[in-house]
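The values are calculated or read from the model by the stated rules, or taken from the named source; none is laboratory data. Computed from a predicted model, the values in this text were never measured in an experiment. So basically every Cβ, Gly included, is an ideal-geometry build from the backbone, and we count neighbours across all protein chains shown. To get the accessible areas, we keep the full protein, side chains included, count just its heavy atoms, and leave off ligands, DNA and RNA. Shrake-Rupley method; radii C 1.70, N 1.55, O 1.52, S 1.80 Å.
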Amino acid sequence: MVVFCCLCCKLVVKGVKLEHEDAEVVIIGGMVLDIHATPSIAAKPGTTTPGKVYYVQGGVARNVAECMSKLGAKPYMISALGFDMAGNLLLEKWKSTGLSIEGILKDKVIDTPVVCNIFDVNGEVAAGVASVQAIEKYLTPDWILHFKSTLLSAPVLMVDANLSPPSLEASCKLAADAECPVWFEPVSVTKSRRISSVAEYVTFASPNEVELIAMANALSGSEESHPLKEYHKENNQSPASSFQILKPAICVLLEKGIKVVLVTLGSNGVFLCSKGGPNCIKIPVEKTRQHGFGGELYRTVMQRFPPSSYSFSEHGRSSRLFALHLPSVPASVVRLTGAGDCLVGGTLTSISAGLDIIQSVSVGIAVAKAAVEAEANVPSAFSLATIAGKVLLVYVDTAIFMHMSNCFICCMFKTWRVNNLFMELNYLGWKLCKKYSQNFIMCTLAFNF
């Protein structure tokens, strides 16, 4: 039985009273036990290879939630676990974070999702097997509907594509009713195609290049979009050239109603794309959370990298493609499996704290850098000073790819330590006006058509 109490925003599920007065980002998706097998020498087919095997807490949704918790947020997790070895391990570890377990369905009939990954000597996945059917089977629309009131104060809902299409649609409709933005995390090429039934509800999507192509083809009902050829990847194709190849697929997603498309490019960074410019999405102040580590993160980023560092012409932006290339930062790679999830976790934490999308993605990239340098999918802790330093590196080399009518503009942000100086630079036929204050760049783009 489900009982709602509108006066105090409390929920009772099966006789248990749930507290939601301080709800934050809601995350719906898989909690998975990852088994990581890493050979110490190149593996050979047909025989065992010396190496190490680790049990690692995983699942896209779970990884994102854990990352957010270590950045000071308190995401509300809706998932499903069994009472088997994998489920007990995941549940005990989750309890140790201090986060709520109310949204986690637990039942002895559930086979907890498990994924086994075999890595190569470079830390990249060489092969893997996923047993995650329980997510589709038990994370049903009925279970998700129990937590309708949780979304009322949530700044964002994140769903991963492990959910069945009916559950994805139910989740997104609940968010729409609550006027809560939806973040769609594609999970895999195959499951990314599930965007086709919920695109109209999605605010943010974070595919990699191959998932982007699959999503565009699913939404357009054709196979017109094609990934970057291996030749281009191997020959260090420039971000500008890559963007031009991927732009048609990006436009399909935007035209189908998705507001912000974040294309992850691995070591090449991120394309941040939208119609209407970087400030087209803003979380209401009353839904932001600025306490603890997350509050310190907000104040540090706002002080050192305020939105005034980048301002753009408002004229006629709503129907035009705006795109940024935000680079990755150098890292000593140990493992790559948690990087994308931590990028999303860092970005979501920043958005829910009140930072804008450019600031938030920059933080996400800094957090992802820490992730690839750790054995676990999510590092044990994050340093505010380190994150701020890496955000600066992202800002220094961020490129603007902006398609305005029939014109293509490519400009670079740079940071100089100059006070009280005004400079006008002609760059590719465009004027880039830079005003400096407190050693940080304040940029305005002036377009002369």
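General observations
- For residue 261, the test of being of a type in the set (Val, Ile, Thr) and open to solvent by 40 Å² or more (accessible area, probe 1.4 Å) is failed.
- Within region 290-303, residues that are hydroxyl-bearing (Ser, Thr, Tyr) have Cβ atoms under 6 Å from residues that are assigned to a helix (DSSP H, G or I) and open to solvent by less than 50 Å² (accessible area, probe 1.4 Å) in these pairs: 298/353; 300/388, counting only partners at least 6 apart in sequence or on another chain.
- Check on residue 343, touching an Asp or Glu at 6+ places or on another chain (Cβ under 7 Å) and open to solvent by 10 Å² or more (accessible area, probe 1.4 Å): no
- Near pairs, Cβ below 7 angstrom, 6+ apart or cross-chain, from region 36-57 (closer than 10 Å to residue 118 by Cα) to any residue that is small (Gly, Ala, Ser) and surrounded by 10 or more Cβ atoms within 10 Å (Cβ to Cβ): 37/51; 38/51; 39/51; 53/37
- Any chance residue 93 is touching a His at 6+ places or on another chain (Cβ under 9 Å), farther than 16 Å from residue 110 by Cβ and of a type in the set (D, E, K, R): no
- Residue in region 109-119 that is farther than 16 Å from residue 378 by Cβ and either touching a Phe, Trp or Tyr at 6+ places or on another chain (Cβ under 7 Å) or of a type in the set (D, E, K, R) (or both) present: yes
- Yes/no for residue 278 being in contact with a helix residue (DSSP H, G or I) (Cβ under 7 Å, 6 or more places away or on another chain), touching a residue at least 40 places away in the same chain (Cβ under 8 Å) and under 21 Å from residue 183 (Cα atoms): yes
- Entirely in region 28-128, the strands (runs of 3 or more DSSP E) that have 2 or more residues that are at pLDDT below 95 and surrounded by 15 or more Cβ atoms within 10 Å (Cβ to Cβ): 32-39, 51-58, 114-119
- Region 172-201, residues that are open to solvent by less than 20 Å² (accessible area, probe 1.4 Å) and over 19 Å from residue 135 (Cβ atoms): 178, 180, 199
- Considering only residues in region 13-27 that are of a type in the set (Val, Ile, Thr) and open to solvent by less than 40 Å² (accessible area, probe 1.4 Å), the one that is modelled with the lowest pLDDT turns out to be 13.
- Residue match in region 155-163 (condition: modelled with pLDDT of 95 or more and part of a helix (DSSP H, G or I)): no
- Residue 297 meets the conditions (1) assigned to a loop (DSSP other than H, G, I, E, B); (2) crowded, with 16+ Cβ neighbours inside 10 Å in every case but one. The failed one is (1).
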